[in-house]
Amino acid sequence: MPSSISSSKSPALVYLRVLLGICAILVLLLEICANYLLKQDSETYARVSQQYAEAVKVRSSRSGEPASVLMVGNSLLMEGIDVDRLQELTSSKMRIYPIFLEATGYYDWLYGLQRLFRQGARPQVVVLGVGVNSFLQNSVRQDYAPMLFFDVRDVLGAAADLNLDRTATSNLLLAHLSVFWDTRSVIRTQVLRRMVPHCKELFSLVKPKPALPPAPELAAITTARIRSLRQLCEAHGAKLILLVPPTPSSEQSVRQMAIASEKAGVDSLVPIDPATLSERFYQPDELHLNSEGAALFTSALATYLPVEIGGPKSASSPD
Amino acid sequence: MLFDSPAYFLFLIPVVAVYWRLSHRAQNIFLLLASYFFYGWWDWRFLALMIASTTMDFLIAQRITPSRTDSNRKKWFIFSLVLNFGILGVFKYFDFFTGSFSSVLETLGIHHIPLPLIRVILPPGISFYTFQEVAYIVDVYKGRLEPAKSFLDYGLFISLFPHLIAGPIQRPGHLLPQVQKDRTFDADRFFDGLMLIFSGLVRKCVVADNCALLANAAFGGQFGPSNFWVVLIGTYAFAWQVYGDFSGYSDIARGSAQLLGFHFMVNFRQPYLSHRLQEFWRRWHISLSTWLRDYLYIPLGGSAGGEWKISRNLLVTMVLAGLWHGANWTFVVFGAIHGTVLAAERYFFPAKTKQKDAALPQHSAGVFSLWAQRILTFNVFCLSLAFFRATSLPAAVQFLAGLSNFAWRTEYASAFFMLCLFSIPLFVVDLLMEASNQEYPFATAPYSVRTALAAFTLIILALFSGNNLNAFVYFQF
């Protein structure tokens, strides 16, 4: 007998109901506000969702037409490539469809590309450009990516690949389903930017810098991952090219990445040897190319990428 | 599932809704199943271990009660202790002791001795439920408690989900009778439970998770090589992280229990307002410190005997308390620092009158002197946290060695600002609670004020809680 519930109409019970009601309304309001803010104010959302929508429509070009190239990557490409300039320099040979989202890595793009292909995207060439660290990281971006790149099956697939526990999986799933949950770290960052002086510099400093695994392990992981990407692209009639953007002191890992790529039967493209770039080509964060470095990288890419696209598998490094 | 994840609330809400519609016995069956589901959410294999250990202790307790004239009573008691600490030792400490022994042998020039390593994942909450089982066995053996007649009641006492993973460690004399008796819905207590959950979420998701960014960066080397400022940022940020994290967990646990009609003991009472380390341990993780006092320190001899014996007892208790936190020498040093300082405090500041355990000392010193002592105590605790947080002893020593270097970077100012942004509000809340002796801020304010406060809390949570899931620090213990 359910005898334990009191039927009293005490103020506590009244306010309890009010409080639960407020909680429900606030949750609803947060979702609506996050949705509104995202669509009105978020440059990242506007950019990536537009790029994604265009990428879904990309189709294989007919003979004689410029090749359709889907170019995906993270901030290294976003800051390092002047896409308009690259398109201008290579307009007769290729049509570029970029999707760049900061802080993305292998798993974001593995599942992002799977979904794009499922939705009908059929590029002739897929160019993936992320740094070695990002390529090796065992995570997906917790904001934007679950909402923009994944559907439910991708979320579950990524969670299984990453050995996420059930709590982390349910969080990722919720990030796919709820705009507020997906963007709450973006909201926090925006609030803190307005409150903490030099917050941007502080946040770029406190960002954890993942250590690379030892060389043999690195080679094995990289080869397996590149192979998976190649199989995915080939299954949908696309050629995969691995673009390795320069970062300071990354010569060794770039070389290992190129070797792993060759083992996996994928063309890798290193338009600029990182050893040839001095500090002056990088931003103060010592990671991304500045405008001068970007101009150099874009020109080099405009020279070598059409060659890669046109030709069969070749030794791709300019050095 | 973690208390700060939506999955937990998707679990808690239907559990509470169904629970209050059931009769007492059905409530207990339902809660036991829900608690096993909660525990099995991590890994079903560890559930079998917990059920086996619970069953063994339930059966042994029937044999060791003083009312039985069983000649083997003592043997069963010792068997139970060996079993409980054996399971804990194997799962938590086996690799640590094997590894340490291997290092000693290598130091002595003996190499390549094949020592076995288990390399199992630590079952969640094993330290917490083992301590609860041991307390039950000891209390039954000493005749302080009647053994539970029903496995259902005992199983629920051990596995009740709000305390299962990271405490507070419940005393059998406090929780078991609550399990056995009828529970009635009390809207006031339900309301307070919700307020405790909101308070806990802010402590964890706003204070702890944001301070964790700074602490991780300082200890991880992102601020550059260690120096005075990095040590300050790292230890202070970690102090607020671990406090926000664990007191937040405790609040959510207590709040969740209150939604189900249970009362859990208070686990934190404004610890950073302590003026001595002795007082600190009466305010910090109270459920553990009182457990250690009653089941370790007092059986060792406690405060009886000469100063040397008392100091030894303190040191042994605190070193074991340190080791309870994790299988690493860093935790042993953490405990040793606390044991040494506690012994020194006893020597230099002998207690004038014996105080009751629950009562906090009355401060007779002047305001300036009191605050100076509070600041000193806080800094001693922060210093010990360098060992608690570092991954190894050399890493901790290297981190602290930076104290003599005062090189400044502009980002440090932003880090201090951010630290103040998240720690000062919690500090102010602690001052308010200290003055009012309440369980959460404004606990006796009118309902309308508290409802508004809850709404404000939700907005703060929405604005400042990060996305990256940081597991509760105490989950690993």
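A short reminder: the numbers here are calculations on the coordinates, not readings from a lab. This structure is a prediction, so every number in the text was calculated from the model and none was measured. Heads up, the Cβs are rebuilt from the backbone with ideal geometry, glycines too, and the neighbour counts pull from every protein chain shown.
Inter-label distance, B:PHE97 to A:ARG62: 7.9 nm, where each label sits 7 Å from its Cα along the C-beta direction. Ordering A:HIS288, B:HIS263, B:HIS163 from the fewest to the most neighbouring beta carbons within 10 Å gives B:HIS263, A:HIS288, B:HIS163.
Please compute the contact order of chain A in relative form: average sequence separation of alpha-carbon pairs under 8 Å and at least six residues apart, divided by the residue count, as a percent. Kindly include the intermediate steps, with their values, before the conclusion.
Values: 452 pairs, mean separation 60.1, N = 319.
Relative CO of chain A lands at 19 percent.
When Rg and Dmax are taken over the Cα atoms of chain B, they come to 22.9, 73 Å.
Ellipticity at 222 nm from helices only: DSSP H runs of n ≥ 4 in chain B, each -39500 (n - 2.57), divided by the residue count, give -21500 deg cm²/dmol.
Can you tell me the relative contact order of region B:32-173? Whole percent, Cα pairs under 8 Å, sequence separation 6 or more.
Computed over region B:32-173, the figure is 37 percent.
Per-residue mean of foreign Cβ neighbours for A:141-149 is 1 (Cβ atoms of other chains, 10 Å radius). Along its first, second and third principal axes, ordered by size, the protein assembly as shown spans 96, 70, 56 Å in Cα coordinates.
Near B:LEU22, within a Cβ-to-Cβ distance under 12 Å, what is the net charge of the other residues, with Lys and Arg +1 and Asp and Glu -1?
Details: positive: B:ARG21, B:ARG25, B:ARG183; negative: B:ASP182.
The answer is +2.
Relative contact order of chain B, taken over Cα pairs closer than 8 Å and 6 or more residues apart, is 18 percent.
Counted by neighbouring Cβ atoms within 10 Å, the residues A:HIS236, B:HIS275 run from fewest to most as A:HIS236, B:HIS275. The trypsin sites (Lys or Arg not before Pro) of region B:59-111 that DSSP puts in a loop, and whose beta carbon has at most 13 other beta carbons within 10 Å, are B:ARG68.
Post the alpha-carbon centroid distance, region B:126-179 to region B:311-339, in whole angstrom. Taking the Cα centre of region B:311-339 as reference, the centre of region B:126-179 is 25 Å away.
Can you sort A:LEU136, B:LEU431 so the residue with the fewest Cβ neighbours within 10 Å comes first? Don't skip to the answer; put the middle values down first.
Values: A:LEU136 21, B:LEU431 14.
So the residues, fewest neighbours to most, are B:LEU431, A:LEU136.
Checking the cross-link pairs A:LYS209/B:LYS204; A:LYS207/B:LYS204; B:LYS74/B:LYS149; A:LYS57/A:LYS239; A:LYS207/A:LYS239 against a 28 Å limit on the alpha carbon distance flags A:LYS207/A:LYS239 as lying beyond it.
Inside 10 Å of the C-beta atoms of A:180-187, what's the mean count of C-beta atoms belonging to other chains? Could the numbers behind the result be given before it?
Values: counts 1, 2, 1, 1, 8, 4, 1, 6.
What the average comes to for A:180-187 is 3.
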